[in-house]
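Encoded as structure tokens, the structure appears first; notes follow it.
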Amino acid sequence: MNVASQSYYDRRGILAALGKDGLIQLILILNTAVMLAPILIMLFAAFKTNAQIFQSPFGIPDFSNVANITKIWNETNFLRYLMNSVIVTGSSIVVILTLGTMAAYAVARYKFWGASFVLMFFLAGLTLPLKLAIIPLFILMRDLGILNTQLSLIVIYVAMGLPTTVFIMTGFIRTLPNELEDAARMDGASEPRIMWSIMLPLVRPAMVIAGIQNVVPIWNDFFFPLIFIQKDKLKTLPQGLTTFMGEYTTDWGVLFAGLLLSSAPVIIVYIILSRQFINGMTAGAVK
Amino acid sequence: MARMTLSGIKKSFKSVDVLHGIDLEISDREFVVFVGPSGCGKSTLLRLIAGLDTISSGEFHLDERRMNDIAPSRRGIAMVFQSYALYPHMDVYENMAFGARLMGLEKDEVEKRIDEASKMLRLDPLLKRKPRELSGGQRQRVAIGRALVRKPKVLLLDEPLSNLDAALRSDVRLEIARLHREIGGTTIYVTHDQVEAMTLADRIVVMNNGKVEQFGSPRELYERPANTFVATFIGSPRMSLLDVERNGNHLALPGSGAVSVSRLPHSDERNLVIGVRPDAMTVSTDESTDGFRGNVVYTEYLGENTYVYVRLGDGTLVGIRSSASVDLPPDTPVVITVASEEIHYFSRATRERLAA
């Protein structure tokens with residue numbers, strides 16, 4: 001009985017060890033392939049002509065052929081679009097992080113009547129599909145007279161970004177030790193100074209998470225600019241690049257080159273900040 | 001000067017009363033330790049003095065000035081926190097400079113004070129380090145340094161040794177005692193460790209359930225505990241309490257016989273509690289001795305001496321310090337003699353000390 005059960009457990013041990021580790025590795029490798037494939041295809045396609053894309057979609061192109069990229073450069077307001085995207089995304093993120101951190105700090109740290117209501121109010125925003133409200137939003141923007149301005153986009157993006165930001169930041173701020181603020185209070189720091197000099201440097205990892213979490217959808221957003229922006233010189237990148245998507249023919253090579261150029265900034269920002277991002281993700285777990 | 005007067009201090013959180021009327025007079029340059037079990041309100045009292053929590057009712061004066069509504073930083077009080085609460089993103093120098101700058105001091109003065117404090121605490125080689133690069137003892141010194149830079153009249157320390165390992169603890173304890181003498185201010189120190197309290201304090205405040213049980217010098221607390229709580233809290237191993245009945249000059253313990261004593265309380269209460277420290281009793285196997293009868297439960301050999309634990313007739317377990325040569329197997333019937341002049345008498349009803 002004893003021997004039998006032991007060998008049984010042994011067998012299972014080997015299987016479990018091999019099976020578990022191997023399976024995880026396999027899943028991760030497959031996942032990497034799935035994640036990287038579209039990016040690689042985009043990269044390859046950016047250097048191919050339309051004909052080449054359809055002939056050999058997965059073939060490795062001649063990387064010296066930059067015709068698509070020069071075409072974007074010459075035939076669209078690429079720089080203009082890029083700048084618009086930077087302006088809209090940048091100001092949205094700045095406003096989201098400023099307001100979100102301040103709101104989260106208040107909700108997490110001060111005991112006041114209605115604190116939990118304020119938090120619930122923000123969280124309720126998570127459940128709201130903003131796109132369903134597009135017609136009322138359009139009317140609202142028209143009445144406010146900010147249709148066809150970047151402000152209309154920024155306002156919407158801030159509203160979209162605040163719930164998750166407040167949620168992430170509140171959770172994070174709550175994990176910071178209270179004694180730090182008490183120490184700063186004993187040192188004679190005013191409440192704004194405590195937030196600015198003590199708390200802000202400490203919540204930076206969470207702000208990076210919230211930032212990345214918001215940058216990607218805002219940068220890539222196609223829907224709201226399409227509705228609110230008609231002037232060519234105000235168009236954002238994803239919207240501007242639709243020039244190459246004709247009703248009858250689409251110049252895929254150029255489109256992919258545009259996609260490559262428009263996604264590059266976000267990818268670079270992510271790589272630069274990824275260390276902080278990962279630190280922030282695990283900070284709560286270690287404490 | 002730093003004379004503190006607390007009168008009728010009460011604190012409640014919502015409907016829970018944490019402190020029920022604390023009255024204390026603390027003199028200038030005194031080293032006072034608040035000691036008590038967890039949840040007794042000692043840390044709350046410290047936070048009220050610091051100004052981090054508001055006083056629900058009562059008055060707190062520092063040098064005749066009412067402090068109740070004065071901001072923490074304007075009280076002339078500095079505090080060292082249990083977790084040290086160093087600013088993690090600032091180096092040691094910045095940690096100390098932060099408060100000094102907020103006081104509106106000139107740049108030279110800030111530098112001078114940091115220089116002074118870091119010399120006193122041997123922090124000079126660490127000034128450019130971040131808190132995470134310091135050991136526990138070093139962090140502790142930085143936390144103290146940060147408090148000293150503000151030149152406070154009163155220094156508050158909240159369980160400063162609890163995060164240090166045992167070897168470091170006695171070093172830091174000596175250090176704190178030395179600092180107190182050098183700075184010459186008033187120090188209030190919170191701990192749950194009675195050894196720290198006894199070794200450091202000029203006077204100790206023993207707290208329990210949000211009340212002050214006794215306020216006095218370590219000697220007073222040890223030799224004349226005001227009630228059974230203080231009697232058992234101070235001293236290690238703890239004092240044994242026995243419920244006895246007084247009969248003339250005899251004290252009778254149910255199931256263990258009676259002993260005659262030469263010294264009795266002035267009060268004529270019949271039901272008494274007597275407190276006896278481990279070194280005021282002797283254990284003997286001679287059945288004819290006058291004393292309480294019991295059985296050995298176990299012995300602890302400590303090299304220098306042996307502690308014998310004896311179960312008495314009414315079920316009480318008492319600890320007795322004996323010479324190291326004593327070796328009694330469990331269940332040995334023994335007789336315990338008590339030195340009459342070292343008995344502490346308490347009323348059974350009030351648990352308060354009875355003068356003898």
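Summary table
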| item | result |
| --- | --- |
| Residue match in the stretch A:249-269 (condition: in the same structural domain as A:Met169 (by TED's automatic domain parsing) and modelled with pLDDT under 80) | yes |
| Lone unmet requirement of (1) within 12 Å of chain B (Cβ to nearest Cβ); (2) within 22 Å of A:Tyr270 (Cβ to Cβ); (3) modelled with pLDDT of 90 or more for A:Val203 | (3) |
| Residues of the stretch B:74-118 classified as among the hydrophobic types (A, V, I, L, M, F, W, C) and closer than 17 Å to A:Glu179 by Cα, total | 10 |
| Failed criterion for A:Gly171 (all others in (1) surrounded by fewer than 20 Cβ atoms within 10 Å (Cβ to Cβ); (2) within 26 Å of A:Pro265 (Cβ to Cβ); (3) within 23 Å of the chain's Cα centre (by Cα) hold) | (2) |
| Residue check for B:Glu59: away from chain A (no Cβ under 14 Å), of a type in the set (Asp, Glu), touching a Ser or Thr at 6+ places or on another chain (Cβ under 6 Å) and under 23 Å from B:Ser162 (Cα atoms) | no |
| Residue within the stretch B:137-157 that is of a type in the set (A, V, I, L, M, F, W, C), more than 23 Å from B:Gly185 (Cα to Cα) and more than 23 Å from the chain's Cα centre (by Cα) present | no |
| Some residue of the stretch A:130-147 being among the acidic types (Asp, Glu), farther than 23 Å from B:Arg47 by Cβ and free of Cβ contacts under 8 Å to residues at least 12 places away in the same chain | yes |
| Failed item in (1) surrounded by fewer than 18 Cβ atoms within 10 Å (Cβ to Cβ); (2) part of a helix (DSSP H, G or I); (3) in contact (Cβ under 8 Å) with a residue 24 or more places away in the chain, with A:Trp196 passing the rest | (3) |
| Enumeration of residues in the stretch B:313-356 that are touching a helix residue (DSSP H, G or I) at 6+ places or on another chain (Cβ under 7 Å) and of a type in the set (Asp, Glu) | B:Glu342 |
| Odd one out for B:Asp53 among (1) away from chain A (no Cβ under 14 Å); (2) within 23 Å of the chain's Cα centre (by Cα) | (1) |
| Helices (runs of 4 or more DSSP H) lying entirely in the stretch B:72-167 (those with 2 or more residues that are touching a residue at least 12 places away in the same chain (Cβ under 8 Å) and within 13 Å of chain A (Cβ to nearest Cβ)) | B:92-102, B:136-149 |
| Matching residues in the stretch B:244-268 - criterion: being assigned to a loop (DSSP other than H, G, I, E, B) and either in contact (Cβ under 8 Å) with a residue 60 or more places away in the chain or surrounded by 12 or more Cβ atoms within 10 Å (Cβ to Cβ) (or both) | B:Asn249, B:Pro254, B:Gly255, B:Ser256, B:Val261, B:Ser262, B:Arg263, B:Leu264, B:Pro265, B:His266, B:Ser267 |
| Single residue of B:Thr187, B:Thr191 found to be away from chain A (no Cβ under 13 Å), within 28 Å of B:Thr228 (Cβ to Cβ), surrounded by 18 or more Cβ atoms within 10 Å (Cβ to Cβ) and not hydrophobic (A, V, I, L, M, F, W, C) | B:Thr191 |
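The values are calculated or read from the model by the stated rules, or taken from the named source; none is laboratory data. This structure is a prediction, so every number in the text was calculated from the model and none was measured. Positions of Cβ are backbone-derived with ideal geometry, glycine not excepted, and every protein chain shown enters the neighbour counts.
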